[in-house]
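A short worksheet on the structure shown next.
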Amino acid sequence: MHLFFEIAGYLAGAALYVRQRGGDPIPPATRAAVLTGAALGAAIGARLLFFLSFPHDGLTGKTVVGGLLGGLIGVEIAKKVKGISRSTGDRFVDPLIAAMAIGRIGCFLAGPIDRTAGLPTSLPWAIAMGDSVPRHPVALYEIAFLILLRLALARVTREGDRFRWFLASYLAFRLAIDFLKPDPPPLALGLSAIQWACAAGLIYYALVLSHDDRHASLPFLRRRRLDLRDVLP
């Protein structure tokens with residue numbers, strides 16, 4: 001079932017991406033280079049971060065966080081090579097959210113064997129997933145978070161900011177929610193390799209989003225510039 005929903009997530013994301021390609025401001029050849037960079041970076045990043053999280057298992061698994069950050073690095077390299085200066089990530093947001101949400105259904109159904117199940121808890125919404133131990137349904141938490149994030153991002157209009165807020169928000173969520181998971185084990189200072197990757201990504205986006213010419217575009221975070229007309233009669 002996990003493999004089924006993983007494949008279904010990939011197919012849904014790909015279909016959604018193709019469906020929304022009309023009016024793409026990026027030329028086809030340039031977009032192809034970006035997609036290639038994203039795919040290669042995601043493949044390497046997903047495997048590499050899994051290895052850092054579970055070194056005894058080698059490169060046998062993948063991590064979402066590694067795929068997202070690796071894809072980001074791959075895209076930035078491709079843009080540097082092709083001389084692309086404009087943002088290219090907004091069209092990835094909806095396909096990624098759809099693919100991740102569908103994939104997490106498989107993680108939930110797989111239970112503890114997938115290493116994504118939550119810690120045991122006595123909370124009333126705890127769910128026993130294959131081992132008769134009531135646990136935090138962290139996969140369901142993530143699906144709910146992704147749905148709410150998609151609704152919030154509908155209000156973001158500046159080019160490039162939808163992807164920035166998507167990835168920064170997801171990294172913050174994973175940094176917090178992974179404290180409710182037994183795996184992967186801490187790497188240093190109580191944080192797992194995945195959480196350290198999230199922290200590094202958040203530092204990067206804190207610098208990007210605080211840059212003078214890239215003020216936050218969410219309505220409740222817009223910064224209002226001081227004007228003399230605000231203080232003079």
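Please verify whether ILE194 is touching a helix residue (DSSP H, G or I) at 6+ places or on another chain (Cβ under 6 Å) and either at pLDDT 95 or above or of a type in the set (A, V, I, L, M) (or both), treating the condition exactly as stated.
yes
Scan ARG31, ARG86 and give me the residue that is of a type outside the set (S, T, N, Q), more than 23 Å from ARG174 (Cα to Cα) and not in a helix (DSSP H, G or I).
ARG86
Would you say ALA110 is more than 15 Å from the chain's Cα centre (by Cα) and either over 16 Å from ALA38 (Cα atoms) or of a type in the set (A, V, I, L, M, F, W, C) (or both)?
yes
Looking at ALA39, ALA46, which is the one that is over 13 Å from ILE194 (Cβ atoms) and among the hydrophobic types (A, V, I, L, M, F, W, C)?
ALA39
Can you confirm whether the range 9-18 contains a residue that is over 18 Å from the mean Cα position of the chain (by Cα) and either modelled with pLDDT under 95 or not β-branched (Val, Ile, Thr) (or both)?
yes
Conditions: (1) assigned to a helix (DSSP H, G or I); (2) under 17 Å from THR63 (Cβ atoms); (3) of a type outside the set (Gly, Ala, Ser); (4) at pLDDT below 95. PRO184 meets all but one. Number of the miss?
(1)
When you go through (1) within 26 Å of ARG150 (Cβ to Cβ); (2) at pLDDT below 95; (3) surrounded by fewer than 21 Cβ atoms within 10 Å (Cβ to Cβ) one by one for THR88, which number turns out not to apply?
THR88 satisfies all of (1) within 26 Å of ARG150 (Cβ to Cβ); (2) at pLDDT below 95; (3) surrounded by fewer than 21 Cβ atoms within 10 Å (Cβ to Cβ) except (3).
Just give me the residues in the range 138-185 being crowded, with 18+ Cβ neighbours inside 10 Å and touching a Cys at 6+ places or on another chain (Cβ under 9 Å), in sequence order.
Across the range 138-185, the qualifying residues are VAL138, ALA139, GLU142, TYR170, LEU171, ARG174, LEU175, ASP178.
Report, by residue number, each residue of the range 126-144 that is touching a strand residue (DSSP E or B) at 6+ places or on another chain (Cβ under 9 Å) and part of a loop (DSSP other than H, G, I, E, B).
Of everything in the range 126-144, those that are touching a strand residue (DSSP E or B) at 6+ places or on another chain (Cβ under 9 Å) and part of a loop (DSSP other than H, G, I, E, B) turn out to be ALA126, MET129, VAL133, HIS136, PRO137.
For the range 140-198, give me each residue that is under 22 Å from ILE102 (Cα atoms) and charged (D, E, K, R).
The answer is GLU142, ARG150, ARG162, ARG164, ARG174, ASP178, LYS181, ASP183.
Residues in the range 112-137 that are surrounded by fewer than 19 Cβ atoms within 10 Å (Cβ to Cβ) and under 23 Å from ALA12 (Cα atoms): how many?
1
Mind telling me which of the residues GLY111, GLY103, GLY118 ends up being in a loop (DSSP other than H, G, I, E, B) and within 26 Å of LEU3 (Cα to Cα)?
The conditions single out GLY118.
Between a first residue in the range 128-144 that is free of Cβ contacts under 8 Å to residues at least 24 places away in the same chain and a second residue that is among the aliphatic types (A, V, I, L, M) and in a strand (DSSP E or B), which pairs have beta carbons less than 8 Å apart while being 6 or more apart in sequence or on different chains?
PRO134/ILE127; PRO134/ALA128; ARG135/ILE127; ARG135/ALA128
The values are calculated or read from the model by the stated rules, or taken from the named source; none is laboratory data. Please read these numbers as outputs of a predicted model, since none were measured by experiment. Here Cβ is always computed from backbone atoms with ideal geometry, including for glycine, and neighbour counts include all displayed protein chains.
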